Amino acid sequence: MSEARHTLRSGGLEATIKAHGAELCSLKDAQGVELIWQAGAAWPRHAPLLFPIVGRLKNDELRHQGKAYPMTQHGFARDRVFDWTERGATSCSLVLRDSDTTRARYPFAFRLAVHYRLQAAELEVTLEITNTGEEMLPASIGAHPAFNWPLVEGVPKESYRLTFSSAEVAPVRRLKDGLMRDKPEPTPIEGEMLALSERLFDDDALILDRLASSSVRYGADRGPSLQVSWHEFRELGIWSKPGGAGFLCIEPWRGFASPADFDGEFADKPGVLHIAPGGAEVVTYWIGVRCDFS
């Protein structure tokens, strides 16, 4: 069994996780169809973990007690090697702890645990942030799974849609240079349904920061479809590379990019979690595999 990767199998599904970034790098259905983007030239990742920020900070700096720390988009967890704490047939767990390297960018003590579990036709992913320090821990956390678009060859990309569990009538947010634009925009979602097209991402990600739903189904009239569900996440990002790419990202978030006019302390940034010393924050999402889109 490789130290770098571990594969789970249950209910006909197969999921592979890398120690690098604790990243899901493969999810195959019972027919062996790969559902996760395989880090092609258009985008070199699969399903990165976003921590301790989601999106960008202004000037790529995290400010704490008057000092600026370098912090690039989506944080550093996706580029760190996690330690395995469990590797079983249907579940595995990994952990990342603060170090001299992380404290040079994020001056806080933390423990970030990632738990994967396959059960029936569903993959469960639980993210747990623990404050191991003596001061309040400000953080954001997010998932960024990229699914193949289309999921199977021969199905037009434009036939795919997202169907939310509740009507999404609130305005949405967009980005400019990676930062949140000042004003929300009318939603392109019609009730519970969002028709997918490459032009939808001309202005980068579509961000639902007043999310009503707890799940969304992704698929077309034929072929496999996926249902992404979440608990304790409060925002959702939907993204594909502007100009077109063979993937669609459905991203449950707890946090979001800095507003364009915000340059204060990280702890005061909108959307940031505050975890008391000794406390923890747990968020979970699920990827369910369906045979059709009924």
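The values are calculated or read from the model by the stated rules, or taken from the named source; none is laboratory data. Note that the structure is a prediction, hence the values are computed from the model and not measured. Quick reminder, even Gly has a Cβ in these numbers, built from the backbone with ideal geometry, and neighbours come from all protein chains shown. Side chains are part of the model used for accessible areas, which takes the heavy atoms of the whole protein and leaves out ligands, DNA and RNA. Shrake-Rupley method; radii C 1.70, N 1.55, O 1.52, S 1.80 Å.
Each of ALA30, TYR69, LEU211 was scored by the projection of its Cα onto the charge dipole of the chain, and the greatest displacement toward the positive side belongs to ALA30; charges sit on the C-beta of Lys, Arg, Asp and Glu. The three principal axes of the Cα atoms in segment 51-190 give end-to-end lengths of 50, 47, 27 Å, sorted in falling order. Extending 7 Å from Cα along the Cβ direction at THR90 and again at MET193 yields two label points whose distance is 3.6 nm.
With the full set of protein chains in place, find how many percent of the accessible area of the chain is carbon and sulfur; take the probe as 1.4 Å.
Numbers: 5760 of 12230 Å².
The C+S portion of the solvent-accessible surface of the chain is 47 percent.
Between GLU3 and ARG174, the modelled label-to-label distance comes to 4.8 nm, taking each label 7 Å out from Cα in the direction of the beta carbon. In this structure, the amide hydrogen of ARG63, modeled 1.01 Å from its nitrogen in the peptide plane, lies closer than 5 angstrom to those of TYR69, PHE266, counting only residues at least 5 positions away or on a different chain. Note on Cα extents along the principal axes in Å: of the candidates (i) 57, 45, 30; (ii) 48, 38, 35; (iii) 54, 49, 33, the value calculated from this structure sits at (iii).
Less than 5 angstrom separates the built amide H of ALA22 from those of PHE82, all sequence-distant by 5 or more or on a different chain.
Per residue, the solvent-accessible area of segment 138-282 (1.4 Å probe, heavy atoms of protein chains only, all protein chains present) comes to 40 Å². In terms of accessible area, using a 1.4 Å probe and ignoring ligands and nucleic acids, ARG222, ARG103 rank largest first as ARG222, ARG103. Built from the Cα atoms of segment 28-111, the convex hull projects on average onto 7.7 nm², one quarter of its surface area.
Modelled this way, with points 7 Å down the Cα-to-C-beta line, the labels at SER166 and GLU232 are 1.9 nm from one another. When both bridge partners sit in the chain, DSSP labels roughly 100% of those beta bridges antiparallel.
If you look at the Cα atoms of segment 214-294, you get an Rg and a Dmax of 16.7, 50 Å.
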